[in-house]
Amino acid sequence: MVKAYSYIRFSTPEQAKGDSLRRQLEGARKYCAEHGLELDDSLRDLGRSAYRGVTSKKNSALGRFLQLVEDGEVPRGSFLIVESLDRLSREEVIDAALRLLALINAGITVVTLSDRQTYSRDGVRDNWTLLILSLSVMARAHEESKIKGQRVGKAWAQKRLKAQEEGQAMTSICPGWIKLVGGPKRGRYELIPERAAIVKRIFEDAVGGLGRRSIAKQLNAEGVPTWGVGKKRGELWHDSYVQKTVSGSMSCTNGFFGSDPLLGVAKA
């Protein structure tokens, strides 16, 4: 029996709670049943965008599959089933097209369930307009993602401007030493004095040469309470908890992401 691989992808973790996974799986199973194919549904990149080619990298399910195809580990004549071409890639057209052509030239038949199109070497040879169709689909997918990214960027720029000029909160998500007063739309941030003092102390200890583990040990010895609500509140300080506190503080106040003052890197 010929093997078919379904590739399932969606961009955000929130979509896992919706219908996207079920819909894509169900469509692939139905197609395989109709065409007598053996389905492998293990190819999944959940919560990953295809806009900048992330899904084609070797640490992704699609990237590993593409490498297996290139190495000849996936037999010629196998099928790759996707809901639509934009599940494969939302990159610029030339990059997305090269990826599709590489699959076709390796003897893989690509099936798109949304429009029931089949892309294979023989099919494209007999009907080259399939390539024109694929290019238009991929161009639209890239343009949609590009426009969406621009809109999101402008929205956050506006939020930052309001935060600077009016003191308005950008988001309801903030570090444990800050609280949101007045709601996410019209609210503002306020320090929680006793927690801010702990953050200040952690930074001072770090600058003084103490590591994460030593800082956590001292806080626990003094009975300093951890932060959080309900089950999310830990009983003790841990080195990872100290790191998160510092990272959250830096991200919120100075705009540093991925920096680590506990490794001795000077910060503004």
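Couple of notes before you dig in:
- Using 0.36 nm per residue and subtracting the Cα-Cα separation, the extra length available between Leu68 and Ser84 on full extension is 3.6 nm.
- The ranking of His35, His238 by Cβ neighbour count inside 10 Å, starting from the fewest, reads His35, His238.
- Other-chain or far-sequence residues with amide H under 5 Å of Ala4's (modelled H): Glu38, Leu39, Asp40, Phe79
- Computing Rg and the Kirkwood Rh from the Cα coordinates of region 172-226 gives a ratio, Rg/Rh, of 1.10.
- Residue exposure sequence - Thr109, Thr245, Thr226 - by fewest surrounding Cβ within 10 Å: Thr226, Thr109, Thr245
- Here each label is just a point 7 Å from Cα along the line to Cβ, and for Ser42 and Asp122 those points are 2.8 nm apart.
Any read-out appearing in this document is the output of simple, stated calculations on the displayed coordinates, not a laboratory observation. None of these values were measured; they are calculated from a predicted model. Reconstructed Cβ throughout: ideal geometry from the backbone, glycine too, with neighbour counts over all protein chains shown.
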